[in-house]
Amino acid sequence: MYKPAITGTGVFTPEEVITNAELVETFNAYADRMNAANAEAIAAGEMEPMQHSSDAFIVKASGIERRHVMNKSGILDPEVMHPLLRQRSDDEPGIMAEMALDAAKKALAQAGRTPEDIDLVICAASNMERAYPAVAIEIQALLGIKGFAFDMNVACSSATFGIQAAADMIRSGSVRAALVVNPEICSGHLEWRDRDCHFIFGDVATATVIERIEEAQGPHFEILSTRCATQFSNNIRNNNGFLRRTRPDGLADRRDMQFMQNGRKVFKEVVPMVSHHIADHMADEGLEGSALRRMWLHQANKTMNDLIGKKVLGREPAPEEQPNILQDYANTSSAGSIIAFSQNSDDLGDGDLGLICSFGAGYSVGSVLLRRHL
Ligand code: CO8
């Protein structure tokens with residue numbers, strides 16, 4: 001058995017940014033238009049008027065201040081309210097592959113590796129831009145990687161589940177080095193016209209290089225162990241899929257074709273699930289939660305992360321013990337905990353322990369226990 005280690009990470013951050021103020025202005029313009037268009041039904045009590053959104057609510061409820069997106073103009077146009085992306089021919093790289101490629105090149109550079117050193121690519125994300133061929137295989141071809149590649153989808157936990165799959169293959173010897181990429185275009189499956197969730201998501205891509213520890217070229221993180229768990233829940237759901245055209249009204253603009261959630265329930269059910277998951281993972285390693293120097297948690301909600309951090313450490317975590325990036329990126333699904341890790345891990349000392357933990361739709365929760373080696 002070989003020991004796996006994370007030797008490089010990379011983040012692709014889209015250039016375009018939407019602040020809460022810009023987002024709220026568009027939403028409120030849309031709400032006003034809808035209310036004007038339905039004034040009679042509203043006056044007759046047949047319809048509830050749409051309420052305005054607010055920047056203050058968004059920051060208080062989530063901690064999110066802005067988000068990066070692949071297209072801002074479409075999202076901010078009250079007549080459109082979704083990203084507008086150029087149609088690409090089948091001969092061009094797809095947009096997800098292009099985003100992942102940028103993050104992958106950064107991760108390979110940090111690891112001191114070239115594509116020839118890699119023999120597995122996993123593209124792990126909440127949604128793929130097409131059913132097949134796999135986006136991972138396209139990325140493999142664009143980078144000139146030999147070996148094999150496949151797509152995985154475990155919603156917000158895609159990255160940690162992908163890391164576990166890659167780490168297990170490295171342990172067993174079936175691959176030498178793996179690239180796990182997480183291109184997330186959450187703006188494409190968010191309902192920007194829904195006040196309850198229009199502020200939640202952003203776009204990004206992350207990449208992680210995992211290889212045998214004895215082949216690491218520089219400072220790295222040994223993967224001590226991983227743990228994945230799932231428990232079925234309808235509280236985060238998206239009913240879009242390939243059977244749409246087979247159903248009556250299947251191709252209509254239906255709300256359930258985008259992200260839907262019962263946020264309150266998710267909050268209440270996921271906080272204890274994740275806290276116990278991390279505590280059990282640590283206990284099986286003979287460790288207390290307080291042994292962790294840092295936690296890189298899924299980036300959905302600041303209050304949620306504060307509560308989980310407190311339960312795991314047994315006290316209020318200091319900001320540097322549990323860095324948040326959601327104020328700048330919003331929820332980027334599977335990529336969130338990897339952005340936090342990538343941007344907040346260089347300062348850890350030799351032997352320090354840290355834990356990446358993602359959680360979300362499914363429900364799904366994945367944790368990766370790491371030890372720093374300088
Ligand atoms: N502006 C002003 N007021 C608002 C707004 C708004 N935008 N939205 C709601 N309100 C009002 C409500 O109407 C309500 O008013 P009242 O009290 O009068 O009824 C009040 O504010 C409180 O509303 P909520 O109860 O909904 O607010 P919460 O405090 O619960 O906050 C959150 C809502 C932020 C959604 C919170 O519940 C939360 O973060 N929950 C956890 C969510 C979570 O972690 N989800 C994980 C999903 S991500 C995932 O798994 C990946 C899925 C795949 C990716 C999908 C990509 C698109």
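Step through the table entries Lys265/Lys311; Lys265/Lys302; Lys72/Lys310; Lys3/Lys302; Lys3/Lys146; Lys72/Lys302, compare each Cα-Cα distance with 28 Å, and write down the pairs that go over it. Checking Cα-Cα distances, Lys72/Lys310; Lys3/Lys302 exceed 28 Å.
When a 1.4 Å probe is rolled over the protein heavy atoms, the share of accessible surface on the chain that falls to carbon and sulfur comes to 51 percent. Pairs of Cα atoms nearer than 8 Å and 6+ residues apart set the relative contact order; for the range 193-322 it is 17 percent.
Ellipsoid fit via the Cα gyration tensor, the range 1-50: semi-axes of 49, 16, 6 Å, each the root of five times an eigenvalue, largest first. Peptides 249-257, 166-174 ranked from most to least packed give 166-174, 249-257, packing being the mean of other C-beta atoms within 10 angstrom over each peptide's residues.
Whole-percent P(r), the range 221-328, all Cα pairs, 5 Å bins from 0: 2, 10, 17, 17, 16, 12, 9, 7, 5, 4, 2, 0. Taken about its Cα centre, the range 242-374 carries a charge dipole of roughly 740 debye when the Cβ of each Lys and Arg holds +1 and the Cβ of each Asp and Glu holds -1. Relative to the 2.2 N^0.38 Å rule of thumb, the range 146-191 has a C-alpha radius of gyration ratio of 1.36.
Per residue, the convex hull spanned by the Cα atoms of the range 146-288 measures out at 175 cubic angstrom. Rounded to the nearest 500, the 222 nm mean residue ellipticity of the chain from helices alone is -10000 deg cm²/dmol, with -39,500 (n - 2.57) taken per DSSP H run of at least 4 residues. Averaged over residues, the count of other Cβ atoms within 10 Å places the peptides 291-300, 87-96, 238-247, 200-209 in the sequence 200-209, 291-300, 87-96, 238-247, highest first.
With a 1.4 Å probe rolled over the protein heavy atoms of all chains, the accessible area of Ile213, Ile64 falls in the order Ile213, Ile64, largest first. A Cα-only calculation for the chain places Rg and Dmax at 20.9, 73 Å.
Between the alpha-carbon centres of the range 117-162 and the range 1-63 there is a gap of 29 Å. With each label modelled as a point 7 angstrom along the Cα→C-beta vector, the Ala56-Asp347 pair spans 3.3 nm. Here the range 1-154 is treated as a Stokes sphere of Kirkwood radius computed over C-alpha pairs; at 10 °C and 1.306 mPa s its diffusion coefficient rounds to 83 µm²/s.
The peptide list 182-190, 345-353, 260-268, put in order of mean Cβ contacts within 10 Å with the highest first, becomes 182-190, 260-268, 345-353. Normalised per residue, the accessible area of the chain is 44 Å², obtained with a 1.4 Å probe and no contribution from ligands, DNA or RNA. Length, then width, then depth: along the principal axes, the Cα atoms of the range 162-222 run 50, 23, 14 Å. Contact order, relative form, for the chain: 23 percent (alpha carbon pairs under 8 Å, 6 or more residues apart, mean separation divided by residue count).
The values are calculated or read from the model by the stated rules, or taken from the named source; none is laboratory data. This structure is a prediction, so every number in the text was calculated from the model and none was measured. Every residue, glycine among them, receives a Cβ derived from its backbone with ideal geometry; neighbour counts consider all protein chains shown. Please note that ligands, DNA and RNA were not included when accessible areas were found on the heavy atoms of the full protein model with its side chains. Shrake-Rupley method; radii C 1.70, N 1.55, O 1.52, S 1.80 Å.
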